[in-house]
C-alpha cells in the first residue's frame, strides 16, 4: 500500500469511527505509523485529508450508481435491481455510511462544498434516470432521499425489536429490509389515483 493509500485508509477508519471533529491529527499520524505526519502534510492537513477520504467514498459510490443505473429498466424490476445494488454496496461499505452519518449530524461543518460536489450530482443522476417511473403526485427527489435515509438509518441503527435493536448485518435482517424497500418503492411507483 502506498503512502497516500495508507493514510487515506487510516483516516477513513478513524473519521468513520470517531467523526472528523473528534479525530485528532496526531491520532491519525500515530495510527499511520512512521511518516504519518509527512503523509498528512502531503494530503493537505486534516481538512485536505478529509476531502480526500470523502472523494474516495464518492468515487466508490459513483461507480456503484453508474453500474446500477446502467442496467436499469423503467419498471418495478429495474427499480428493485437498483435498490438491491444500492443496499448491497452500503452493507459492504459500512465506513461510508458512518462518514455520511457523522456529516449529517453536523460533523466537519467547516469543510464546505462536499454536498455540492458529491451529493447533489448523485441525486440529480438518480432522479433523472428513475423519474419517469414515478407518478406526478410523488416528488421523485424526496422518494430517492427516502430510500437513502431508510438504508442509512437501517444500517446505522437496525430495527426495533425484543430487548433493544436487532443486528442490521444479519442476512435475515438485511433480506427482510430489502423486501420492505421493494414494497415501499412499489407503492410509490403505483399509478396516481384518479380524481
*Could you count how many residues in segment 30-48 are over 22 Å from residue 114 (Cβ atoms) and under 27 Å from the mean Cα position of the chain (by Cα)?*
2
_What's the number of the only condition in (1) surrounded by fewer than 17 Cβ atoms within 10 Å (Cβ to Cβ); (2) without any contact (Cβ under 8 Å) to a residue 60 or more places away in the chain; (3) under 20 Å from the mean Cα position of the chain (by Cα) that residue 11 fails to meet?_
(1)
*Give, as residue ranges, the helices (runs of 4 or more DSSP H) completely inside segment 1-60 that count at least 1 residues that are under 21 Å from residue 89 (Cα atoms) and modelled with pLDDT of 95 or more.*
3-18
_Members of segment 14-32 that are farther than 21 Å from residue 155 by Cβ and in contact (Cβ under 8 Å) with a residue 24 or more places away in the chain_ = 21, 32
*Search result, residues across segment 128-145 that are free of Cβ contacts under 8 Å to residues at least 40 places away in the same chain and closer than 27 Å to residue 175 by Cβ*: 140, 142, 144, 145
*Do you know which residues across segment 38-54 are surrounded by fewer than 21 Cβ atoms within 10 Å (Cβ to Cβ), over 13 Å from residue 6 (Cβ atoms) and either without any contact (Cβ under 8 Å) to a residue 60 or more places away in the chain or in contact with a helix residue (DSSP H, G or I) (Cβ under 6 Å, 6 or more places away or on another chain) (or both)?*
41, 44, 45, 46, 48
*Of (1) over 23 Å from residue 62 (Cα atoms); (2) at pLDDT below 95; (3) surrounded by 11 or more Cβ atoms within 10 Å (Cβ to Cβ), residue 174 satisfies all except one. Which?*
(1)
*Return a yes/no flag: does segment 64-74 have any residue that is closer than 26 Å to residue 170 by Cα and surrounded by fewer than 14 Cβ atoms within 10 Å (Cβ to Cβ).*
yes
*Which ranges mark the helices (runs of 4 or more DSSP H) fully within segment 79-179 that have 3 or more residues being more than 21 Å from residue 12 (Cα to Cα) and within 15 Å of the chain's Cα centre (by Cα)?*
120-130, 140-157
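The values are calculated or read from the model by the stated rules, or taken from the named source; none is laboratory data. For clarity, every value in this text was computed on a predicted model and none was experimentally measured. Cβ coordinates were reconstructed from backbone atoms using ideal geometry, including for glycine residues, and neighbour counts include every protein chain displayed.
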